[in-house]
Amino acid sequence: MHVRGLVAAFVRAGHFIVLAAALLNKTPWERPASLNVPLLHLPPSADIVNAVLALKAFNETLGVANSLPGELRRILYNQELGMQIKRRFESAPPDFIYERASLYGTAGVALSRELNVPLLVELNAPLAVEQSAYRATGLGELAAQAERWALLHADAVLTVSAPLRDHVVSLGVEPDRVQVVPNGVDVALFQPRPHDAGVRARWGLGNGPVLGFVGGLRPWHGVEALPTLLERLVHRYRGLRLVIAGDGPLRGELERTLKERRLTGSVVFTGWLPQEEVAELMQQFDVGLAPYSKPEHAFYFSPLKLFEYMSCGIPVVAAALGQIAEIVRDGETGLLYPPGDVDALIGACDRLLAEPALRQRLGQAAVKEVHGLYTWDQNAARVVELARSRIAARGAGR
């Protein structure tokens, strides 16, 4: 969503973009997004695929599971990606390279050097820290070393939150090369609309109120609290539905818990949806949920769902963590609660469901806030301004 939103904003501002990507979709069932820019689809070569398959087969023989195959694919692909892009652009280089950081991602730095153009790296999370905390790594400190090297050699690093900027500076990157650019939203797509009877019928939402969650079903998203939230409120509000739009490793556990508590009739799992369908479903919500649990590390994230809920005029109930507490003003553009406090989460949702006028007031204020400060068009303008300054600095030999 971030790539699509920013690319479209660059185009609206009159810039010429070429997008290079290894994958065009998450699964074979998804149609690739339609982008009005040249697209270089550069999948891993057969040699890389075969090497990864061989390592997976080795793991299966031993009866073990680890992250090595995926890490090997990333490392090998980096080298290949840099060479492929260099061949295509060495005779007509771009003005600058904008790279979304990835684990073991070093191709941007190499390409920047080869083409002698600035590299701007967008960092959405401390990737090596996440890998170690949630997925483990089979290569020790190598992921952290690669991340630090890439950030140190970028012309500028754009972080999505102040805590993430602090993390980048702690790695040794000069503070004046690190900017904070929060995520944004496509306000033409995510905008307030009245409830749509057709959309509600499609998802079986009925005529009752809707609590909505959009995002990955992963541990740090706090989705484990959703069954208790629904259980405590379902008998207070006739026809209440909980919509869970997304997928991930915790889906099976959520489904089992909801079934054990006899709540399956009041919950809708949609799986992953195209962005356009996310927007029209979100517009049916009465409350948007961001129930993040408190992580072991600083909360670095800039949740897309937050901006999208608010842009649709949906009052938000969110954990008061990191940037969330900066974006959502408690009692003015949404309701905040202490992370991990399920009773406070339930109380905030109960209050909004019981007070339609409060929902309307918070929703209207949220729209004004997001449309004024957090759009992809504004982000694109900041990126271009930063790129021009780095181009000028290179020209001056700084």
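The values are calculated or read from the model by the stated rules, or taken from the named source; none is laboratory data. No experiment lies behind these values; they were computed from the predicted model shown. Virtual Cβ from ideal backbone geometry, glycine too; neighbours counted across all protein chains shown. The accessibility values were calculated without ligands, DNA or RNA, using every heavy atom of the protein model including side chains. Shrake-Rupley method; radii C 1.70, N 1.55, O 1.52, S 1.80 Å.
Observations on the model:
- A full extension of the chain between residue 272 and residue 47 corresponds to an added length of 77.9 nm, given 0.36 nm per residue minus the alpha carbon distance.
- Reciprocal of mean inverse Cα separation for the range 1-156 (Kirkwood radius, Å): 17.1
- For residue 58, solvent-accessible area (1.4 Å; no DNA, RNA or ligand), Å²: 120
- Furthest towards positive pole of dipole, 242, 207, 220, structure part the range 202-250, Cβ charges: 207
- Ranking 159, 27 by solvent-accessible area of protein heavy atoms (1.4 Å probe, all protein chains present), from largest to smallest, gives 27, 159.
- Computed over the chain, relative contact order equals 15 percent, with contacts defined as Cα pairs under 8 Å that lie 6+ residues apart.
- The residues of the range 238-292 expose on average 43 square angstrom of accessible surface per residue, using a 1.4 Å probe on protein heavy atoms.
- Here the accessible area of the range 90-202 is 51 percent carbon and sulfur, with a 1.4 angstrom probe and all protein chains present.
- Most fluctuating residue given options 102, 91, 112, as computed from a GNM of the chain linking Cα atoms under 10 Å: 91
- Largest accessible area first, the listed residues 130, 332 line up as 332, 130 when surface is computed with a 1.4 Å probe on the assembled protein chains.
- When the C-alpha to C-alpha distance is required to be over 30 Å, the pairs from 259/368; 259/294; 56/305 that qualify are 259/368; 56/305.
- The order of 375, 264 by accessible area, most exposed first and with a 1.4 Å probe, is 264, 375.
- Cα gyration tensor, the range 286-340 - rounded (a/c under 1.5), prolate or oblate: prolate
- For residue 294, the accessible area of its heavy atoms, probed at 1.4 Å with every protein chain present, is near 150 square angstrom.
- The chain gives an Rg/Rh value of 0.98, both radii derived from C-alpha positions and Rh following Kirkwood.
- Ellipticity at 222 nm from helices only: DSSP H runs of n ≥ 4 in the chain, each -39500 (n - 2.57), divided by the residue count, give -13500 deg cm²/dmol.
- Point-to-point label distance, residue 24-residue 57, nm (Cα→Cβ direction, 7 Å offset): 2.9
- Percent RCO, i.e. relative contact order, over the range 94-245, from Cα pairs under 8 Å lying at least 6 residues apart: 17
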